[in-house]
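Below: one structure, written as structure tokens.
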Amino acid sequence: MVSICPIPLLTPARHVFTPVRVYLLSAKVPTKIECHFHYLDIVGVESKKSTHFSIVTNDRPYSFVTTGDAGNFSSNADVILTDLASAIKQIFPTVPLKYIIRKIDIQPPERETIFSEEFRPSDPRNVGPCGGFSAQYACMCDFHGVPYREEVAWDVDTIYLSHDTRVLNLRDFDHLEPKDLMAIVSALEYNTFFRGLKAAHMRLSHETLERILHVLKRSMWLEELHLEALGLRWDFLNKLSISVITNSNPAIRTIDLSHNIIEDKGAIHLAGPIAKVSKGLCKLALAHCGLTSKGVNQMSHSLTLNQSISNSLTYLDLSGNSLKDDITNLHNFLAQPNVLEHLDLASTDITLENLFGALLRGCATHLAHLNVSHNSFSTKKGKEIPPSFKQFFTSTFSLKHLNIAGCKLPMEALKNLLLGLACNESTAGLYLDLSSNTLGAQGAHVLESCIHGVRVLQSLDISDNNLDAELAPVLTAISKNPSIRTLHLNPQF
């Protein structure tokens, strides 16, 4: 579509609106292009009179004065501005124009009614596949000077649409050049169909990462950010934090940066936006990020400060970080009433008996998945397992998956765990992983004595526990528990 507005100007010129650019053509013959700019270069539009208007781009302002009858709509500046707004709306039909051109000043106010249709977003049902992604992708290809790839548009318009996939996965396009990925990411800036961006186990160019940050800064629709194992460092987290904080209305609800060594510096930078995201986060995954208690405490403090998060955060994964025991702020967050459903603290070097007091106070209602595997209990002689350990398992309402493998469970802890679950009348269908705890003969005796009464169990894993010599009475006890449907033993069994 090419729209030509031969409006007479004080400086003779014609405006030509192509799908993605404005061209100013000389009125003289032969006609030549005086200048041109991309729609996304426009940062402001101003018109104080119906015969005057200015278009401000990133590079410079362009001011025009129309000639003719100012009272005649067909021969004043409103024609050009209406065509400009219509051209932009063709690309971004579901986004109000004020989100794309950040400064619009039309005077007097009644003239804004001329643009009412352009200011108002279209009904999403009347736009192209995936919120008009193909047109937006083509727009960004022109903006960045990269070739338009038909296969990208086809994959999104066909595969993503048919599966109603709302998270754009850059792995689907990793066979393309880095500059192609930059344009694909940019297409999310004003797209209202996609709710997330994912890139995992791949290398992204500096330019593509910068575009991700730019989209975070501008988008009011991107809710999920999954950037796993990309080799990111703490300095990227600094930029990411600035992007989220400077967004006037960030939609981000999910952040997954697992398997990037962002260290404590990165976690501390991330603490800023965590405290300020008005809607709160739903998911935070920072597994294997090189964190210690210093970074996690700072971040946990931000989780507590943000009053929305206690009612929004359902998923927290800090596994594979060396937290050890000085995690007071994390305990404080877990101890306040919250809606956490998934908590993964596997392989974090924490002392387990210190954790369950917090879980009892804040996580007993909603927590369904708890992984504390490959941690340990205190080795101090004479230190008893606190009552809160057993009380949590008695009180939990929703627990469906408990992984406490590889923790060298003391016999008292094993007994309290099983007796606590035996007293639980609120949950059912629990998967319990007790593997690799070196239970031996003493553990076998505890299992034999308690397991038959644990009716909340549906699946049990007791593999790799040196139970071979004592297995028969354990199996007899398990056979008396009608709720256990699945049993995992050593491979030889």
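The values are calculated or read from the model by the stated rules, or taken from the named source; none is laboratory data. In this text the structure is predicted, and so the values were computed from the model without any measurement. With ideal geometry, Cβ positions are generated from the backbone for all residues, glycine too; neighbour counts draw on all protein chains shown.
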Can you find a residue in segment 390-405 that is modelled with pLDDT of 95 or more, of a type in the set (Ser, Thr, Tyr), within 21 Å of ASN332 (Cα to Cα) and in contact with a Phe, Trp or Tyr (Cβ under 6 Å, 6 or more places away or on another chain)?
no
Within segment 315-331, restricting attention to residues that are surrounded by fewer than 17 Cβ atoms within 10 Å (Cβ to Cβ) and of a type outside the set (Lys, Arg), which residue is modelled with the lowest pLDDT?
ASP325
What pairs come up if the first residue lies in segment 177-197 and is of a type in the set (Val, Ile, Thr), the second is in a helix (DSSP H, G or I) and modelled with pLDDT under 95, and their beta carbons are under 8 Å apart, counting only those six or more places apart or on different chains?
THR192/PRO124; THR192/GLY131
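Every residue, every condition in (1) in contact (Cβ under 8 Å) with a residue 12 or more places away in the chain; (2) part of a helix (DSSP H, G or I); (3) buried (at least 22 other Cβ atoms within 10 Å of the Cβ), yes or no:
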position: ALA199; (1), (2), (3): yes, no, yes
position: ARG203; (1), (2), (3): yes, no, no
position: LEU230; (1), (2), (3): yes, no, no
position: ASP264; (1), (2), (3): yes, yes, no
position: HIS269; (1), (2), (3): yes, yes, yes
position: ALA275; (1), (2), (3): yes, yes, no
Going by the structure shown, is GLY295 farther than 24 Å from VAL95 by Cβ, in a loop (DSSP other than H, G, I, E, B) and not aromatic (Phe, Trp, Tyr)?
no
Index of the failed condition, SER319 passing every other in (1) part of a loop (DSSP other than H, G, I, E, B); (2) closer than 20 Å to GLY272 by Cβ
(2)
Selected residue (criterion: farthest from GLU189 (Cα to Cα)) from residues of segment 25-52 that are modelled with pLDDT under 85 and touching an Asp or Glu at 6+ places or on another chain (Cβ under 8 Å):
SER26
Considering each residue of segment 243-252, count those that are assigned to a loop (DSSP other than H, G, I, E, B) and either crowded, with 20+ Cβ neighbours inside 10 Å or on the phi > 0 side of the Ramachandran plot (or both), and give that number.
2
Just name the residue that is surrounded by the fewest Cβ atoms within 10 Å (Cβ to Cβ) out of those in segment 1-24 that are modelled with pLDDT of 75 or more and hydroxyl-bearing (Ser, Thr, Tyr).
THR18
Are any of the residues in segment 110-129 part of a helix (DSSP H, G or I), modelled with pLDDT of 90 or more and closer than 19 Å to VAL215 by Cβ?
no
Residues being surrounded by 22 or more Cβ atoms within 10 Å (Cβ to Cβ) and either closer than 14 Å to GLY295 by Cβ or more than 21 Å from the chain's Cα centre (by Cα) (or both): count how many of those fall in segment 334-345.
1
Please find, within segment 151-172, the residue that is surrounded by the most Cβ atoms within 10 Å (Cβ to Cβ) out of those that are under 20 Å from ILE212 (Cβ atoms) and among the polar types (S, T, N, Q).
THR165
I want to confirm something. Restricting to segment 299-312 and keeping residues that are farther than 17 Å from ILE242 by Cα and either of a type in the set (Val, Ile, Thr) or in contact with a helix residue (DSSP H, G or I) (Cβ under 7 Å, 6 or more places away or on another chain) (or both), which single residue is surrounded by the fewest Cβ atoms within 10 Å (Cβ to Cβ)?
LEU305
What pairs come up if the first residue lies in segment 313-335 and is free of Cβ contacts under 8 Å to residues at least 40 places away in the same chain, the second is of a type in the set (Asp, Glu), and their beta carbons are under 6 Å apart, counting only those six or more places apart or on different chains?
SER322/ASP349; LYS324/ASP349
Checklist (1) within 25 Å of THR396 (Cα to Cα); (2) within 20 Å of the chain's Cα centre (by Cα); (3) hydroxyl-bearing (Ser, Thr, Tyr) applied to THR348, failing item:
(2)
Scan segment 131-182 for residues that are among the hydroxyl-bearing types (Ser, Thr, Tyr), closer than 19 Å to GLN90 by Cα and assigned to a helix (DSSP H, G or I) and jot them down.
SER134, TYR137
Quick check on LEU237: is it under 16 Å from LEU209 (Cα atoms) and within 12 Å of the chain's Cα centre (by Cα)?
no
